[in-house]
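Q: Handing you this structure, nothing more for now.
The values are calculated or read from the model by the stated rules, or taken from the named source; none is laboratory data. Computed from a predicted structure; not experimentally measured. Virtual Cβ from ideal backbone geometry, glycine too; neighbours counted across all protein chains shown. The area values use the complete protein model at the heavy-atom level, side chains included, leaving out ligands, DNA and RNA. Shrake-Rupley method; radii C 1.70, N 1.55, O 1.52, S 1.80 Å.
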Amino acid sequence: MITFDESTGIFHLRNDKVSYVLQLVRGKYLLHRYWGKAIREFRDSRPFQAIDRAFSPQPAAYENERTFSLDVLPREYPDYGHGDYRLPAYVMRQADGTTVTEFWYESHEIKAGKPGLAGLPAAYAKDDEAETLTIRLRDTKGSLAIELQYTIFAEEAVIARNARFLNTGELAVDLLQAASFAMDFADHEFERLNLWGGHAAERSVERVPLMRGQQEHGSRRGASSHQQSPFLALVRPGTTETAGDVYGFSLVWSGEFSFKTEVEQFGTTRVIGGINDFGFDWQLQPEEEFQTPEALLVYSPDGLNGMSQAFHHIVREHIVRGKYQHALRPILVNNWEATYFDFDEEKINKLADCAADLGLELLVLDDGWFGKRNDDNSSLGDWVVNTQKLKQGLKGVAESAHSRGLKFGLWFEPEMISADSDLYRAHPEWVLQVPDYPSSYGRHQLVLDLTRQEVQDYIVEAVGSVLRSAPIDYVKWDFNRHLTEAFSLALPDERQGETKTRFVLGLYAILERITQAFPEILFESCSGGGGRFDAGMLYYMPQTWTSDNTDAVCRLSIQSGTSMVFPPVAMGAHVSVVPNHQVGRVTSLQMRAICAMAGDFGYELDITRMTDAEKAQVREHVALYKKLRPTLQFGSFYRLLTPFAGKGNETAWQFVSQDGKQVVLMYFKTLAEPASPIRTLKLTGLDKDACYKVTQYLPAQRTSMDFGGETATSLVGQSFYGDELMYSGMAVEKIDTDFAAYLWGFEQQ
Ligand code: DGJ
């Protein structure tokens, strides 16, 4: 998979899907030569043209070679200071104050498999699944080194990259920027696609022209955030969901990040991505190393769906670990929107009774079970059960859920501390805080200093002892504010620029210890919904609560956007009550259910108050989900229509089972419209020669006035070949109602 040609200096990473080519020139410099569709052999049909460019300087050794300048070369991991004026991938300040360094090639190594990254989540692979190239660069003064690592996987359209900085000298240096990757493209005929949002409004697609000069999106919040996602795609203009060249980048990192693009004077494009360099200052003492997070690079010739499927596949097969990696996820009921803080054992047991009766599988007890927490003012940090609410403790509710055939799950928010808590009274120094400046609050809470070993130990012990105290099958791990006054009383002054990065490393150390200690537990991460939905968290916890917004209409865009990078099985999705608690909207139960079935399905409302008719519908939905679950959770996912295109009124999602035998199609039309066109859905990813029988059909139900008109003609029982379904498509029966949602199931004959 990886070859090196000494005569040309060409490194070629290749599998059936992609090629990635870099070149060592003049024995010193690493140039980027190609990334895209697989090429059998790179012979350099597009040699770099040496042109004398004014104001593009020459390195000292090439003073008289005016056509040679780092300023115009496509570079693998560029520095700043020797004539390349574009965005650098790294900046280091040396003891004498200079930020000039000069790294040249020293050696390389190609090995089977993929090494782990110390202290960080990263894609993993067996020796026959991947090959890794490590290139060592050395500063010409001799005391600093950088190792660039590139992994190509046998089966994935993905290249994984990271960089490691090593101080082998005698003086400390400050790392002021350390990108996970840099990428130079020969042109700028691209659009820039990223995911933006806010709390309860995560991951909408933003697609804008790539502009000359610099563009950036990122987070300065100490977490990957609701506001921007650690992801960027460059797409050729005209790219659709199913066609066009896409270059996608996703960081395996849960802290703050930045993606910068720069289109420079000669029309080339540089992309830099990694930990946000804003305020970043990592002191590298002699003998110390700094490891950047990993970046996953996907090339897709098949539009956005192609990119998403490559990301989904690598996340499912090489990021998520443990018992639930390939295990079906249970249908849950969560008490948060059902009761908020106002619950006791009796209410929870009633919920359990009803859940068992409806065929649900997991009862989750959310916030409010510990300390004296009856609102969000207190008790974070005091992970001791409140026996006023739960008379027989956690064991009581857990066992009572089990006795009804349900699993039992519990909420935690371990990274936080309330000022009104025994923990804070005992350890005020455990909070991130700047001396002499009052700390800012978010949801009345402060943030624990996870850079401290004793805080990490406390969290592992406090959470662990609760998990040992009762039969707990599932944990929801929440994080409800971002960092402020990010200063650690435990770090020396000159290392404060490391605090936000060390916070995330501390979190990872905690998550590793807890998830390894409790391998049977299903963990779901959460940050006020999807405020930390990233591949880093998925390495520890195989699913994430997608958003605090449970409104089905909002969820169409939230889940469509999230699916750009993450598979449906990573997304928690629940049916909630109407009027919806976040936006007040009244949607049909069917729309809420079908939308939630496109994720880890569950309910989050007081199911005991549903009418008999509603319960009958829930039973039908639950039974259907159980039947389709392997396809919905582990099949290939396709966006056919998203709210980001057209009028934003329609969404269609399709799933194909791993063996290709089962297909599920969902269609949502948010608002009824007069004179509406008849919608044709062209399926995708089918075997054109296979015959598919329509076996399932949930037709849209009228929630508003029935104007009569067309009668629905069900296709159930009929069979069609894949080519007809893909090329001619199927018409959706028109219905005059808002919030229409349909689901079809197909079985290959
Ligand atoms: C935010 C989460 O996203 C909610 O689902 C819920 O767990 C609350 N926190 C509880 O405080």
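Q: Within segment 191-199, can one find any residue that is outside any loop (DSSP other than H, G, I, E, B), among the small types (G, A, S), touching a His at 6+ places or on another chain (Cβ under 7 Å) and surrounded by fewer than 19 Cβ atoms within 10 Å (Cβ to Cβ)? Before you say what the answer is, go through the steps one by one.
A: Initial filter on segment 191-199 (outside any loop (DSSP other than H, G, I, E, B)): 191-198.
Keeping just the survivors that are among the small types (G, A, S) gives 197-198.
This time we only want the ones that are touching a His at 6+ places or on another chain (Cβ under 7 Å), so: 197-198.
From the residues that got through so far, the ones that are surrounded by fewer than 19 Cβ atoms within 10 Å (Cβ to Cβ) too are 198.
Yes.
Q: Looking at segment 335-343, can you tell me whether even one residue there is hydrophobic (A, V, I, L, M, F, W, C), in a helix (DSSP H, G or I) and within 16 Å of the ligand (Cβ to nearest atom)? Walk me through how you get there before you give the answer.
A: First pass over segment 335-343, keeping only residues hydrophobic (A, V, I, L, M, F, W, C): 336, 338, 341, 343.
When the remaining residues are screened for being in a helix (DSSP H, G or I), the result is 336, 338.
Right, trim to within 16 Å of the ligand (Cβ to nearest atom) and you get 336, 338.
Yes - at least one qualifying residue is present in segment 335-343.
Q: Moving to a separate point now. How about segment 411-521: which helices (runs of 4 or more DSSP H) wholly inside it have at least 2 residues that are open to solvent by less than 40 Å² (accessible area, probe 1.4 Å)?
A: Values: elements: 422-426, 453-469, 499-517.
Output list reads 453-469, 499-517.
Q: Go through (1) touching a Cys at 6+ places or on another chain (Cβ under 7 Å); (2) at pLDDT below 95 one by one and return the number of the condition Y721 breaks.
A: Evaluating Y721 over (1) touching a Cys at 6+ places or on another chain (Cβ under 7 Å); (2) at pLDDT below 95 leaves (2) as the failure.
Q: Sort out for me the strands (runs of 3 or more DSSP E) sitting completely within segment 78-182 that have 1 or more residues that are modelled with pLDDT of 95 or more and surrounded by fewer than 16 Cβ atoms within 10 Å (Cβ to Cβ).
A: On the way: elements: 90-93, 103-112, 130-139, 144-153, 158-167.
In segment 78-182, the matching strands (runs of 3 or more DSSP E) lie at 103-112.
Q: Looking at (1) among the small types (G, A, S); (2) within 15 Å of N480 (Cβ to Cβ); (3) away from the ligand (no atom under 14 Å from the Cβ), can you tell me which one G529 breaks?
A: (3)
Q: Restricting to segment 536-548, count the residues that are out of contact with any Leu (no Cβ under 7 Å at 6 or more places or on another chain) and either assigned to a helix (DSSP H, G or I) or acidic (D, E) (or both).
A: 5
Q: Given (1) over 27 Å from I146 (Cβ atoms); (2) open to solvent by 20 Å² or more (accessible area, probe 1.4 Å); (3) touching a Leu at 6+ places or on another chain (Cβ under 8 Å), identify the lone condition not met by P209.
A: Of (1) over 27 Å from I146 (Cβ atoms); (2) open to solvent by 20 Å² or more (accessible area, probe 1.4 Å); (3) touching a Leu at 6+ places or on another chain (Cβ under 8 Å), only one is false for P209: (3).
Q: Let me ask something additional. Out of the residues in segment 476-490 meeting the condition of being more than 15 Å from V455 (Cβ to Cβ) and away from the ligand (no atom under 13 Å from the Cβ), tell me which one is farthest from the chain's Cα centre (by Cα).
A: Looking at the filtered set, the residue picked out is E485.
Q: For segment 563-648, list the strands (runs of 3 or more DSSP E) that sit wholly inside it and hold at least 3 residues that are open to solvent by 10 Å² or more (accessible area, probe 1.4 Å); which are they? Lay out the reasoning, then the answer.
A: On the way: elements: 571-576, 600-604, 636-641.
Because the criterion is at least 3 residues that are open to solvent by 10 Å² or more (accessible area, probe 1.4 Å), the strands (runs of 3 or more DSSP E) in segment 563-648 that meet it are 636-641.
Q: Of the residues D473, D493, only one is away from the ligand (no atom under 16 Å from the Cβ), at pLDDT 95 or above and within 23 Å of D367 (Cβ to Cβ); which? Step through it out loud before you land on a result.
A: Values: D493 fails: within 23 Å of D367 (Cβ to Cβ).
The conditions single out D473.
Q: Continuing with this model, one more query. Can you tell me which residue among V575, V553, V565 is within 16 Å of the ligand (Cβ to nearest atom) and either closer than 30 Å to F739 by Cβ or in the same structural domain as G409 (by the TED database) (or both)? Lay out the reasoning, then the answer.
A: Details: V553 fails: within 16 Å of the ligand (Cβ to nearest atom); V565 fails: within 16 Å of the ligand (Cβ to nearest atom).
Checking each option against the conditions leaves just V575.
Q: All but one of (1) open to solvent by less than 10 Å² (accessible area, probe 1.4 Å); (2) in a loop (DSSP other than H, G, I, E, B); (3) aliphatic (A, V, I, L, M); (4) touching a helix residue (DSSP H, G or I) at 6+ places or on another chain (Cβ under 7 Å) hold for L380; state the number of the condition that does not hold.
A: (4)
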